[in-house]
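Read the structure below first, then the notes.
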Amino acid sequence: MKTTHRTVLVINSGSSSLKYQLVDPDSSASIASGLVERIGEPISALEHRYGEETVTREEPIADHTQALRMVLSICEEVGPNFADYNVVAAGHRVVQGGEHFDGPALIDDATRNLIEELSPLAPLHNPAHLKGIDVARELLPDVPHVAVFDTAFFQSLPAEACTYALDQEVAKKYAVRRYGAHGTSHQYVSSLVSETLGRVDLKQIVLHLGNGASASAVVDGQAVDTSMGLTPLEGLVMGTRCGDIDPAAVFHLYRVGGMSIDEIDTLFNKASGLKGLTGDNDMRVVRSLADNGNEDARLALDVVLHRLVKYVGSYTAVMGGIDVLTFTAGIGENDSDLRRELCERLQYLGVKLDLEKNAVRSKQPRVISTPDSKVLVMVVPTNEELAIARQALSLL
């Protein structure tokens, strides 16, 4: 089935995974999608979805080259055939673009090398993205490849918001500043809020709440603050990340606890947050435990809410008011209890939640506050793949 529509193959490469989606940026349609997991392990897994069909495979996949070869083979076998779908670009998600990129960038050798140079600022992400970029450029040489950066939206932050109060010679030498993350999602969601409401002149707070979580303050379409910092560790309580913590905790654990820097890094990034507080990083499990009287789980939810209240309050102060509070991402879109509990704590701002609207599940942008609420509260599903596809197309 040939199409005259332009499509973009969106690739999100992790250290042992390869997530992909074929997107029509003009119609917003997802034509096919899939995920290769456990790359390099004895048994890897691939799940490919196209139309009504889902194909799964379990077999050894040695590396990202073999993974992408398998994806291309399955596309030829069960669809979609790239030749019939007018693939005009490959869009790659890249977490850290540093100060070099304030928008999407065509990937040539120079861009690729800059992404590699920025790896110390995102050691868990950029090296993994490079694996996907290198393989895709080799196996798909006939289409342009575009990098779309999580940090790009936050390059507009005012100096007062992105500057840490460090010795500035040290800060500049080692590129220590607030970069933010999840910017592709925050930009997409805040733009969709403006589009839905027919207004650009808005003071917005966007809460991207998933296993990774972040908040942003957006005024007239421009980001003015965000919770993630030099890395995606700073800010809100997350699935396995602690978020804000006294930096001296590092010195204490090193000197008194005898922990190495790598051990502390692992503790803060992979064994903290909900997992550290309850033993499980899945918000649904934590909620179930709390509902059944588990005090640790209830405390974890309260810690999450307390942090959210602090950020909403501080960003309202930074913006000089708030027009719209928006929930997005897996938890933000689906956890009606968390939305209700947070809005109850924000009643001082004049927030009034419509409990019936809040309980509705939908993939459409929607208002869940009452007509007389002083702050409009919305749920807006994010779509980072569509955002990446559109940004990639914007360069062509």
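The values are calculated or read from the model by the stated rules, or taken from the named source; none is laboratory data. It should be emphasised that the depicted structure is a prediction, and the values quoted were computed from it without experimental measurement. A quick note on method: Cβ atoms are made from the backbone with ideal geometry, for glycine too, and the neighbour counts reach across all protein chains shown. Please note that ligands, DNA and RNA were not included when accessible areas were found on the heavy atoms of the full protein model with its side chains. Shrake-Rupley method; radii C 1.70, N 1.55, O 1.52, S 1.80 Å.
Okay, here's what the table says:
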{"read-out": "Residue 228 being touching an Asp or Glu at 6+ places or on another chain (Cβ under 6 Å), surrounded by 20 or more Cβ atoms within 10 Å (Cβ to Cβ) and at pLDDT 95 or above", "value": "yes"}
{"read-out": "Failed item, numbered, when residue 362 is tested on (1) out of contact with any Lys or Arg (no Cβ under 8 Å at 6 or more places or on another chain); (2) modelled with pLDDT under 95; (3) not in a loop (DSSP other than H, G, I, E, B)", "value": "(3)"}
{"read-out": "Count of the stretch 142-185 residues which are part of a loop (DSSP other than H, G, I, E, B), open to solvent by 10 Å² or more (accessible area, probe 1.4 Å) and among the aliphatic types (A, V, I, L, M)", "value": "6"}
{"read-out": "Output for the stretch 80-104, where each listed residue is open to solvent by less than 10 Å² (accessible area, probe 1.4 Å) and in contact with a Phe, Trp or Tyr (Cβ under 8 Å, 6 or more places away or on another chain)", "value": "80, 94, 95, 96, 97, 98"}
{"read-out": "Residue under evaluation residue 189, criteria (1) open to solvent by less than 40 Å² (accessible area, probe 1.4 Å); (2) closer than 16 Å to residue 231 by Cβ, criterion not met", "value": "(2)"}
{"read-out": "Single match in 357, 374 (criterion: over 20 Å from residue 284 (Cα atoms), among the charged types (D, E, K, R) and part of a loop (DSSP other than H, G, I, E, B))", "value": "374"}
{"read-out": "Residue match in the stretch 331-338 (condition: in contact (Cβ under 8 Å) with a residue 40 or more places away in the chain, surrounded by 17 or more Cβ atoms within 10 Å (Cβ to Cβ) and under 16 Å from residue 204 (Cα atoms))", "value": "yes"}
{"read-out": "Residues that are within 14 Å of the chain's Cα centre (by Cα) and closer than 19 Å to residue 205 by Cα, drawn from the stretch 235-249", "value": "235, 236, 238"}
{"read-out": "Hits in the stretch 363-391 (condition: open to solvent by less than 20 Å² (accessible area, probe 1.4 Å), farther than 27 Å from residue 22 by Cβ and not polar (S, T, N, Q))", "value": "368, 375, 377, 378"}
{"read-out": "Residue pairs meeting the criteria (Cβ under 7 Å; at least 6 apart or on separate chains; first open to solvent by 60 Å² or more (accessible area, probe 1.4 Å), in the stretch 57-77; second in a helix (DSSP H, G or I))", "value": "69/139"}
{"read-out": "The stretch 114-140: number of residues that are assigned to a loop (DSSP other than H, G, I, E, B) and at pLDDT 90 or above", "value": "1"}
{"read-out": "When residues of the stretch 1-37 are limited to those that are under 17 Å from residue 55 (Cα atoms), of a type outside the set (Gly, Ala, Ser) and open to solvent by 10 Å² or more (accessible area, probe 1.4 Å), the one farthest from the chain's Cα centre (by Cα)", "value": "31"}
{"read-out": "Subset of the stretch 197-223 [open to solvent by 30 Å² or more (accessible area, probe 1.4 Å) and over 11 Å from the mean Cα position of the chain (by Cα)]", "value": "197, 198, 199, 200, 201, 203, 219, 220, 221, 222"}
{"read-out": "Residue that is touching a helix residue (DSSP H, G or I) at 6+ places or on another chain (Cβ under 9 Å), on the phi < 0 side of the Ramachandran plot and either open to solvent by 20 Å² or more (accessible area, probe 1.4 Å) or among the β-branched types (Val, Ile, Thr) (or both), where the choices are 325, 342, 346, 253", "value": "253"}
{"read-out": "Residue list for the stretch 266-281, restricted to those being without any contact (Cβ under 8 Å) to a residue 60 or more places away in the chain, surrounded by 16 or more Cβ atoms within 10 Å (Cβ to Cβ) and under 20 Å from residue 214 (Cα atoms)", "value": "267, 268, 272, 273, 274, 275, 276, 277, 280"}
{"read-out": "Matching residues in the stretch 78-110 - criterion: being under 23 Å from residue 46 (Cβ atoms), at pLDDT below 90 and either acidic (Asp, Glu) or out of contact with any Leu (no Cβ under 7 Å at 6 or more places or on another chain) (or both)", "value": "78, 79, 81, 82, 83, 84"}
{"read-out": "Condition check for residue 34: farther than 29 Å from residue 156 by Cα, touching a helix residue (DSSP H, G or I) at 6+ places or on another chain (Cβ under 8 Å) and among the small types (Gly, Ala, Ser)", "value": "yes"}
{"read-out": "Scan of the stretch 268-315 for residues that are at pLDDT 95 or above and polar (S, T, N, Q), ordered by number", "value": "272, 278, 288, 292, 294, 314"}
{"read-out": "Any hit, the stretch 126-141, residues being out of contact with any helix residue (DSSP H, G or I) (no Cβ under 7 Å at 6 or more places or on another chain), surrounded by 14 or more Cβ atoms within 10 Å (Cβ to Cβ) and basic (Lys, Arg)", "value": "yes"}
